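**Q** First, the structure itself, so that you have it in front of you.
The values are calculated or read from the model by the stated rules, or taken from the named source; none is laboratory data. Because the structure is predicted, anything quoted here is derived from the model rather than measured. Virtual Cβ from ideal backbone geometry, glycine too; neighbours counted across all protein chains shown.
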Amino acid sequence: MSGLPNQQAGDPHKQAVSTAFGAIAPFYDAWYTTPIGRYVWAVERVATFTLLPEQETGIALEIGVGTGMALDILKTTSRNLVGIDISWQMLQKAFEKTKADPQTHLVLADGENLPFRKNTISIIMGMTVIEFMSNPLVLLHEVRRVLYSDGKLILGVLTSTNLWALERRIRNLATPDVFQYATFPSPWQMKRILHHAGFTLCATRGSVYAPSFAPSKWINQLAQIDQVLGKRWLTRPWGAFYSILACLS
């Protein structure tokens, strides 16, 4: 099977993104077992969890499901999960984790052409997806189409206002990786993009304030500091990961 849905195979940017993520699929999860990787995933999860609705919703969709690492976050709000991705190799890894769960469905699909009818999804999550879109507004308009009128959109965004973004840019000058296809928005740019797509920011959280070179022995303390900085309006935008809860205007 192709790494892209047939209707999108002619898009050079999407094909490049699909190929790049397909190449790293076999070892994608491994980085999150390192000390810095465990710290990053722990604080990103906490930041995202705080934005989820407390009550159970209908169908929950994750766009850019990847290897399925974040699907369990949505399990707290819905019994019916759908994950889509444009990388077949990443979906295979996700399938290995979810094949025993009959209420989780994985689909090879493109976020800009969601295979759902209008107003059918209660909550949509996209973790590090917007950055890899050549035109985020196309994705957001499609999200708006399939969401219920009171539906929620949760985004986790790698932003430009931190050392991690600078490091990625410098690293890609020497050794290009998947981030060569990414554009890192600022929190203020995300607010404008969401507004243009018909969304309002309902809540935000910041996380990943420690640099990538932080000593392993400080990780636990840094994670505790993250919980404080990520909630304060003055420091919230300056983490490497910005979690957004957006509502339809």
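**Q** Can you pull out the residues in region 179-225 that are in contact with a Leu (Cβ under 8 Å, 6 or more places away or on another chain) and at positive phi?
**A** Within region 179-225, just Gly198 meets the criteria.
**Q** On to the next question. Filter region 190-211 down to the residues that are more than 18 Å from the chain's Cα centre (by Cα), surrounded by 13 or more Cβ atoms within 10 Å (Cβ to Cβ) and of a type outside the set (A, V, I, L, M, F, W, C) and list them by number.
**A** Matches in region 190-211: His195, Gly198, Pro211.
**Q** Of the numbered conditions (1) within 15 Å of the chain's Cα centre (by Cα); (2) modelled with pLDDT under 95, Val43 satisfies every one except a single condition; which is it?
**A** Among (1) within 15 Å of the chain's Cα centre (by Cα); (2) modelled with pLDDT under 95, the lone unmet condition for Val43 is (2).
**Q** So the check is Cβ under 9 Å with 6+ separation or different chains; which pairs have a first residue in region 82-111 that's on the phi > 0 side of the Ramachandran plot and a second one that's surrounded by fewer than 19 Cβ atoms within 10 Å (Cβ to Cβ) and outside any strand (DSSP E or B)?
**A** none
**Q** I'd like to know if region 15-24 contains one or more residues that are closer than 22 Å to Lys75 by Cα and of a type outside the set (Ser, Thr, Tyr). Give the steps one after another, and end with the answer.
**A** Pass one, region 15-24, residues closer than 22 Å to Lys75 by Cα: none.
No; the residues of region 15-24 include none that is closer than 22 Å to Lys75 by Cα and of a type outside the set (Ser, Thr, Tyr).
**Q** Turning to a different aspect of this structure: Among the residues in region 223-243, are any surrounded by 15 or more Cβ atoms within 10 Å (Cβ to Cβ), under 17 Å from Val129 (Cβ atoms) and not aromatic (Phe, Trp, Tyr)?
**A** Yes, that holds for at least one residue.
**Q** Looking only at region 17-53, how many residues end up being part of a helix (DSSP H, G or I), aromatic (Phe, Trp, Tyr), closer than 26 Å to Trp88 by Cβ and touching a residue at least 24 places away in the same chain (Cβ under 8 Å)?
**A** Here is the first cut: in region 17-53, the ones part of a helix (DSSP H, G or I) are 17-27, 29-33, 35-49.
In the following step, the residues that additionally are aromatic (Phe, Trp, Tyr) were identified as 21, 27, 31-32, 39, 41, 49.
When the remaining residues are screened for being closer than 26 Å to Trp88 by Cβ, the result is 21, 27, 31-32, 41.
Now restrict to residues that are touching a residue at least 24 places away in the same chain (Cβ under 8 Å): 21, 32, 41.
Selection size over region 17-53: 3.
**Q** Hey, among Gly83, Gly66, which residue is of a type in the set (Gly, Ala, Ser), assigned to a loop (DSSP other than H, G, I, E, B), in contact with a Leu (Cβ under 9 Å, 6 or more places away or on another chain) and under 18 Å from Val17 (Cα atoms)? Break it down into steps so the answer makes sense when it comes.
**A** Numbers: Gly83 fails: assigned to a loop (DSSP other than H, G, I, E, B).
Being of a type in the set (Gly, Ala, Ser), assigned to a loop (DSSP other than H, G, I, E, B), in contact with a Leu (Cβ under 9 Å, 6 or more places away or on another chain) and under 18 Å from Val17 (Cα atoms) holds for just one of Gly83, Gly66, which is Gly66.
**Q** Only one of these conditions is not met by Pro115: (1) part of a helix (DSSP H, G or I); (2) surrounded by fewer than 20 Cβ atoms within 10 Å (Cβ to Cβ). Which number is it?
**A** Only one criterion is unmet by Pro115, namely (1).
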